Amino acid sequence: MTETQDTSATGFRARVLLAEAAWFIVVAAVLVAVPLAFSDRLPDPVATHWGPSGAPDRSAPAVVLAIIPLALWAVLAVSCLAFGRRRLVTSRAGRAGIVAGLAWTGIFLIGVQAVSIAANLDRSRWQDAAPITWQAILVVAVAVACAVLAGWAGRRGPDEPPPPAPDASVPDLAPGRRVVWLSSASAPLLLVLSGAALAASVAFAVLRLMGLPGRTWHTAAVLAVVALVGFAFSTVSVRVSSEGMRVAFGPLRWPARRVPLDRIDRAWVEERYPSQVGGWGYRGLPGRATIMVRGGACLVVRYTSGGQLAISVNDAGRGAALLNALVADRGTRSP
């Protein structure tokens, strides 16, 4: 029975990843084909930015209309496909976040490119490009609508069942036996948004290297910092061993925080949600904080000083059981 379920989940994940790859190819083809089809009817340089009044105020080489959207799309789509390999697509929430992000970004980039090309079409100079006002609002609205629809469609299909209730019995800590517990949790939507910020940062850096004036480097740096912070708080992993507890952040498991075993009083599992702790990320103050990447069961650790740290992580019950066993074992061995 278990083998059949695992095969089904693997097959479903493969089909979802295949559909995402097909969407990536379609959007990439459109972003390249459309500018090429109208290249002989566009000025060079072309208008690439419109001010609050709707009039064009910045320009760039015509090739930017294809290169920048394609670069943004490639970075974000590859990130989403990579996240999908981590079993996120077999979870309804994770799958909905990934497909919604792919849908929004693809439609938004195609819409922005289409509006920009239409404004520059058959103009002799970029300064003569048509104004853009309501078209920008329409692009955003259509992209949001497609993302909502895609997110709804992504929630259809199987949902990976939660792991079975962990055995909370005291682990075997016989002399010479090393016991380690490792678990993690991720926020798929934050991963996608962080990937989008990183892609935008790369795009602005490329624009600056191509000679676009303005505060392009400043914008690229700000977006890069936002992406790094987002990645850092998108994933949390916890490792429990005889040395204590190690809490690491981000897909690369860095930065990390270590809590020695002699600082831990006891641990337990508690249901907590973003609405209860004030949102996602690192909430609260040192001494009584919550690391929240998804609602549900959290591993709560109380320090010997009286402070607490709650971490939203999978299989929290087993981690709490091991921590308590290690603390008790250390107490019996202390002189």
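The values are calculated or read from the model by the stated rules, or taken from the named source; none is laboratory data. Just so you know, these numbers come straight off a predicted model, no measurement behind them. For neighbour counting, all protein chains shown are included, and Cβ atoms are generated from backbone atoms with ideal geometry for every residue, glycine included. Please note that ligands, DNA and RNA were not included when accessible areas were found on the heavy atoms of the full protein model with its side chains. Shrake-Rupley method; radii C 1.70, N 1.55, O 1.52, S 1.80 Å.
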Considering every residue within region 264-275, establish whether at least one is assigned to a helix (DSSP H, G or I) and open to solvent by 10 Å² or more (accessible area, probe 1.4 Å). yes
So which residues in region 280-335 are more than 11 Å from V238 (Cβ to Cβ) and in a loop (DSSP other than H, G, I, E, B)? W280, P286, G287, V293, R294, G295, T304, S305, G306, G307, S334, P335
Got at least one residue in region 230-252 being of a type in the set (S, T, Y), surrounded by fewer than 17 Cβ atoms within 10 Å (Cβ to Cβ) and modelled with pLDDT of 80 or more? yes
Only one of R288, R294 is touching a Pro at 6+ places or on another chain (Cβ under 9 Å) and open to solvent by 40 Å² or more (accessible area, probe 1.4 Å); which? R294
Looking at R258, R253, R246, can you tell me which residue is within 29 Å of A227 (Cα to Cα) and part of a loop (DSSP other than H, G, I, E, B)? R253
